[in-house]
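Working notes, beginning with the structure itself.
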Amino acid sequence: MKEKQAEVGITVKKSEDFSEWYQQVVLKSELADYSKVSGCMVYRPKSYEIWEKIQDFFNKKIKSLGVKNAYFPLLIPESLLNKEAEHVEGFAPEVAWVTHGGSSKLNEKLAVRPTSETIMYDSYSKWIKSHRDLPLRLNQWNNIVRWEFKDPMPFVRGREILWQEGHTAFATRKEAKEEVLQILDYYESVYHDLLAVPVLKGRKSEKEKFAGADFTTSVEVFLPMGKAAQAATSHLLGQNFAKAFDISFKDENEEKQYVWQNSWGLSMRAIGMMIIVHGDDKGLVIPPKATINKIVIVPIIFKKSKDEVFKKAKELKKELKKFNPIFDDREGYSAGWKFNEWELKGIPIRLELGPRDIENNQVVLVRRDTGKKKNVKLADLKQKINQMLEDIQNNLFENAKKFLDESIIEVKDFKQFKSVIKKEKIAFGQWCGEVECEDWIKDKSGGAKSLNIPFGQEKIKGKCVHCSKPAKFKAYFSKSY
């Protein structure tokens, strides 16, 4: 048994070798596996179930606004991709091209979508003719391919990405802007309420905004190894694409107007953020709301009482079906080995049941987040499980929020700024917002860039923390993925 346990367990500490820890957690918890194509992962059922939880959660939010799901082609003609110059320039290094069908060369290259603006907006230009056709609000759950990256990292960075992308068109900028912020709130809710991950919410800098957009908003996650990651984005595209694709309509006065457009997206990176924020040296930790199987029942087996314990465990599985419990009835494995395996796989609660527990009309509940054990009477079991799941969800969020809050350091000058970045924290300081200044900051600080600019700031007085020009706002900076 010891040999099997060594194979299944995590062999490195998260704080000492993060990359190896992360790879082991992803593979050994059976979330994903590598494929023969570099940067393209196999997402196993366990991770895809979490992705379906995210889909269900987010679909309810956007459908309440009148957004409908649709699907557009994977392949985009080069002529369409080139219609919006700033957009294609931003994606050009990452585009994968199809040049042949079988042995025949295509008349026109086809891009494997890096994002769907151009293929969708060709249709929008045909569908939108009158103000009565607006708003048009569509979303698709699909895959995209972006070929250029430095180092693949399951869920966080790769060539093929599963995500959702919403694309909407409105008659006025006011309507479009309202939706941008509303969707951003929904993304915050996915992270806060489902994944128990706190985020920084705000507007991206001019340098970091989406190519072709008027402005970009984002939620950002700060991770335990001292790096941030962009967690989701919501863009006001303005009228750039509308003019490039002639997406126009006749208003109530029969005057031609161009639509105002948004796009917004969240990817499977969300699962990577959840793994990194909550995982520990034992392996994966899944917030209860993000998993289907909230309990694993592990029988404590002795030869004489085996049948009795199995019978009671099966009864409990049926009684607790709302929690989708797993009954681990495997023989030939010790209870301790099973404990380690289910801790590795992140099931929120372990229910232990042995002959002595049956005598006492109780079970033992063990929390995955803290490891604390609690004897619970069978009569109180459902109530105690519900309370424990809620406590686990809240505790995971509060611990992550405490880490985020303690990682944000307000800085007064660039010397302090560099010191904070060197300590792998978030520098929060006054900034001019100019692209050239951000380039210099990244160069001089060893790689820090702006994360986003928080909303609702009062008018800033004073100078930029780097270049001493008049500051426009305060912004978050850190190293990031």
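Just so you know, all these numbers are worked out from the coordinates, no wet-lab data involved. These numbers were taken from a predicted model, which means no experiment stands behind them. No Cβ is skipped: glycine too gets one built from the backbone with ideal geometry, and neighbour counts run over all protein chains shown.
FRET efficiency for D307 and K374, Cβ-Cβ distance as r, R0 = 25 Å, nearest 0.05?
Values: r = 27 Å, r/R0 = 1.07.
That pair, D307 with K374, gives E of 0.40.
On the beta carbon distance between H100 and L65, with R0 = 60 Å, the FRET formula returns roughly 0.90.
Across the stretch 114-153, the residues whose backbone nitrogen lies under 19 Å from the label position 7 Å along the beta-carbon direction of E254 are 129-133.
By its C-alpha gyration tensor, with a ≥ b ≥ c as the square roots of the eigenvalues, how is the stretch 372-481 shaped: rounded for a/c under 1.5, else prolate for a/b larger than b/c, else oblate? Show your work: numbers first, answer last.
Details: a/c = 4.19, a/b = 2.91, b/c = 1.44.
Taking the square roots of the gyration eigenvalues as a ≥ b ≥ c, the stretch 372-481 is prolate.
Subtracting the Cα-Cα distance of K382 and K13 from 0.36 nm times their residue separation leaves 129.4 nm of extension gain. When you filter the chymotrypsin sites (Phe, Trp or Tyr not before Pro) in the stretch 368-445 for DSSP loop state and at most 11 other Cβ atoms inside 10 Å of their Cβ, nothing is left. Every helix of 4 or more DSSP H residues in the chain counts as -39500 (n - 2.57), and over all residues that averages to -10500 deg cm²/dmol at 222 nm. Normalised by the number of residues in the stretch 123-245, the average gap of Cα pairs under 8 Å and 6 or more apart makes the relative contact order 18 percent.
Of the GluC sites (Glu not before Pro) found in the stretch 243-349, those in coil by DSSP whose Cβ has at most 13 other Cβ atoms within 10 Å are E252, E254, E255, E331.
Of K60/K377; K36/K282; K60/K322; K402/K463; K304/K372, which pairs sit farther than 27 Å apart, going by alpha carbon to alpha carbon? Could the numbers behind the result be given before it?
Numbers: K60/K377 37 Å; K36/K282 29 Å; K60/K322 21 Å; K402/K463 30 Å; K304/K372 29 Å.
Result: K60/K377; K36/K282; K402/K463; K304/K372 exceed 27 Å.
Scaled against the 2.2 N^0.38 Å expected of a compact globular protein of N residues, the Cα radius of gyration of the stretch 46-90 reads 1.71.
A convex hull fitted around the alpha carbon atoms of the chain yields 178 Å³ per residue. Distance between the modelled labels on K402 and K36, one decimal in nanometres: 4.9 nm (7 Å Cα→Cβ projection). Among R269, R368, R137, sorting on how many other beta-carbon atoms sit within 10 Å of each Cβ, with the fewest leading, yields R137, R269, R368.
Between L27 and K415, the FRET efficiency from the beta-carbon distance, with R0 = 35 Å, is close to 0.25. Rounded to the nearest 10 degrees, the angle from helix 381-407 to the longest Cα principal axis of the chain is 50 degrees. Quotient of the Cα radius of gyration of the stretch 252-394 and 2.2 N^0.38 Å, N being its number of residues: 1.47. Sparsely packed loop sites in the stretch 383-458 (the GluC sites (Glu not before Pro) outside DSSP H, G, I, E and B with at most 11 other Cβ atoms within 10 Å) comprise E458.
If you count, for each residue, the other Cβ atoms within 10 Å and average over each peptide, how do 372-380, 275-283, 180-188 line up from highest to lowest?
Working: 372-380: 12.8, 275-283: 21.7, 180-188: 19.7.
Ranking, from highest mean packing down: 275-283, 180-188, 372-380.
For the chain, the longest principal axis of the C-alpha atoms and the axis of helix 269-278 are separated by about 50°. Start at zero, step by 5 Å, and the Cα-Cα distances of the stretch 193-280 spread as 3, 13, 18, 17, 13, 11, 8, 7, 5, 3, 1, 0, 0 percent across the bins. Look at L65, L284 and count the other Cβ atoms within 10 Å of each Cβ; fewest to most, that gives L65, L284.
Ordered from longest to shortest, the equivalent ellipsoid semi-axes for the stretch 12-278 are 33, 23, 16 Å, each the square root of 5 times a Cα gyration tensor eigenvalue.
How large is Rg over Rh for the stretch 334-401, taking Rg from the Cα atoms and Rh as the Kirkwood inverse mean of 1/r across Cα pairs? For the stretch 334-401, the value is 1.00.
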